[in-house]
Amino acid sequence: MTKTQETELMEMAKRRGFIWPSFEIYGGAAGFYDFGPLGSAMKNNIIKKWRDIYVCGEGFLEIDSPTLTPHEVLKASGHVDHFTDAMVECKKCGSAFKATDLIKDKTGQDVEGLGKEKMQEVIKQDGIRCPDCAGEFGEVFDFNAMFKTAIGPGSKRVGYLRPETAQGIFIDFKRLFRHARGKLPMGVVQIGKGYRNEISPRQGMIRLREFTMAEAEVFFDPEDPKHPKFSDVAHDHLNLWLSKDQIAGNEKLTEVVAETAVDKKTICNEIMAYYLALTQRFLLGIGIPPAAIRFREQNPRQRAHYSSETWDAEILTERFGWVEVTGLAYRSDYDLVSHAKASGEDLSAFIEEKKKKVVCHVIEPSYGIDRPFYCVLEHSYTTDGKRKILKLKKDLAPVKVGVFPLLNKDGLPEKAIEVEKALKADCLAAEYDASGTVGRRYSRADEIGTPYCVTVDHQTLQDLTVTIRDRDSTKQVRVEVHELPCILKSLLRDEIPFEKAGKPI
RNA sequence: GCGGCCGUGGUCCAGCCUGGUAAGACCCGAGCUUCCCAAGCUCGUGACGCGGGUCCGAAUCCCGCCGGCCGCACCA
């Protein structure tokens, strides 16, 4: 994809209603995007695909909990204290620094977790000044990336917009475990909005202040980190970017099969490896090419406060380089222990076979939806010659079939509208278009990735047949109208090859 | 937050320096034409980010704000 194509793609995305800048008529706001009608449909299709894997395929339980969360919850989870950076600002030039990094650079001292007062003291004692302009620093302050609000009118009860959906799942652990009738491993998912008050959002859809996440929490017995279906993925190839290679400044990827990665302890256990493989399958499923997928091992300094091993799935993009789209974190028993302690509830699980209680460990595959959405657009957009085609996977396409009258006369439009109605009645996302010429309509359909177009012509009036045109090849077949919904559905599910769908033209 | 650049119909932009109410391309809509891949013709809708200032008069000059892009920093 060239620079021109990138620009064209973003133009198209705006023009055709995939994404729009939010709050536009009031001047806009950084870090927020609206999904237009097509974007909304495509986003739902991505979510559906994810749900098919996790809820349908893996049998995970889905819940939906509030985005607004009381202080105690996020205090217990560590977010109030750790979802934050101690920052200092230069009083002269305004440059902002993370206090811990600044002190480490200047003095070698590790003041991580020592509190603002201590950091303030070190900065003062050692006379640390602004590396940019040698100016004096102001007070050390915490910048917490959570949006804070008050629950109830005039209330002193503090709440936050959740920074992740995961906490809602941990909170419900007792009920969920009972619902699952005490079976481990137990998987739970939640899809919804999360919020992070980024200091300076950039890069379009890549850094948002409000975004949709799809998170899964896998609860398991730490003494038994086996996955019952591991053999299904044992031979999946994974491209790993190991922490040691990153530190050495080496871009090299290590290709392994899931099984070997576990045997060699490159990946901590079967469960983690299983979900890396599943993540890769999901990304391939939405149309990301294998060579554009890698798994980056986070080094200890990068990991979140709750994690002991984390793998990020990354997608290579032309515009932003490698983009993190999924984080797979080993959260151990951190959350359950924290919430048990803070709430006074027993959040352990009784394991029948062992006749004892254990606190489950958790592996969390956490997916962003907006970032893959962008990546899908970028990887799908092609221009060959004069044609511009969004080569979306059929199940992601916001419109499945365009319905056109070949000409706007002789009763063809009326007949085409009938066809469109019939398809819609069959729950196919069909769209009637009669403007301009048929060529223009094909072109418009290609631009938004509509896989098939049906055209009603004069022959239709005689023998009740229509043509179906394939997006990628522009080839056509002729089929009987009454078979149309059925044939289109088969085509959309890739059950029959296009040439076999009807009489080739 | 800082520095540089920028903000004009749906989209991309010209005009700004040298103030005198805005042009083009594409798109979109109506019609003509048209028996299958953005043809052509006619007509049409539609814009100066917000606020203030200077001026007889501001898209244009000045100030403030908001937004965007790039770089720095940040990204648990």
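The values are calculated or read from the model by the stated rules, or taken from the named source; none is laboratory data. Model, not experiment: these values are computed from the prediction. Don't worry about glycine lacking a Cβ; one is built from the backbone with ideal geometry, like all the others, and counts go over all protein chains shown.
Worth pointing out:
- Residues of segment A:260-308 satisfying the condition of being in contact with a His (Cβ under 8 Å, 6 or more places away or on another chain) and hydroxyl-bearing (Ser, Thr, Tyr): A:Tyr274
- Of all residues in segment A:162-199 being out of contact with any Pro (no Cβ under 9 Å at 6 or more places or on another chain) and either without any contact (Cβ under 8 Å) to a residue 24 or more places away in the chain or among the aromatic types (Phe, Trp, Tyr) (or both), the one that is nearest to RNA strand B (Cβ to nearest atom): A:Phe170
- Count of residues meeting criterion [touching a strand residue (DSSP E or B) at 6+ places or on another chain (Cβ under 9 Å) and of a type in the set (Lys, Arg)] in segment A:354-405: 7
- Segment A:300-320, residues that are more than 10 Å from RNA strand B (Cβ to nearest atom) and farther than 30 Å from A:Leu347 by Cβ: A:Glu314, A:Ile315, A:Leu316, A:Thr317, A:Glu318
- Pairing residues of segment A:258-271 that are modelled with pLDDT of 95 or more with residues that are part of a loop (DSSP other than H, G, I, E, B) and acidic (Asp, Glu), at Cβ distances under 7 Å and at least 6 apart in sequence or on separate chains, gives A:Ala258/A:Asp236.
- Residues in segment A:211-245 that are surrounded by fewer than 20 Cβ atoms within 10 Å (Cβ to Cβ) and part of a helix (DSSP H, G or I): A:Phe230, A:Ser231, A:Asp232, A:Ser243, A:Lys244, A:Asp245.
- Counting only helices (runs of 4 or more DSSP H) that sit wholly inside segment A:433-505, those with at least 2 residues that are under 20 Å from A:Lys391 (Cβ atoms) and in contact (Cβ under 8 Å) with a residue 24 or more places away in the chain are A:438-447, A:484-492.
- Scanning segment A:17-28 for residues that are surrounded by 13 or more Cβ atoms within 10 Å (Cβ to Cβ) and either over 22 Å from the mean Cα position of the chain (by Cα) or among the aliphatic types (A, V, I, L, M) (or both) yields a count of 1.
- From the options A:Ile47, A:Ile19, residue that is within 15 Å of A:Cys375 (Cα to Cα), in contact (Cβ under 8 Å) with a residue 24 or more places away in the chain and within 12 Å of RNA strand B (Cβ to nearest atom): A:Ile19
- Residues in segment A:412-461 that are farther than 29 Å from A:Met10 by Cβ, surrounded by fewer than 17 Cβ atoms within 10 Å (Cβ to Cβ) and within 11 Å of RNA strand B (Cβ to nearest atom): A:His458, A:Gln459, A:Leu461.
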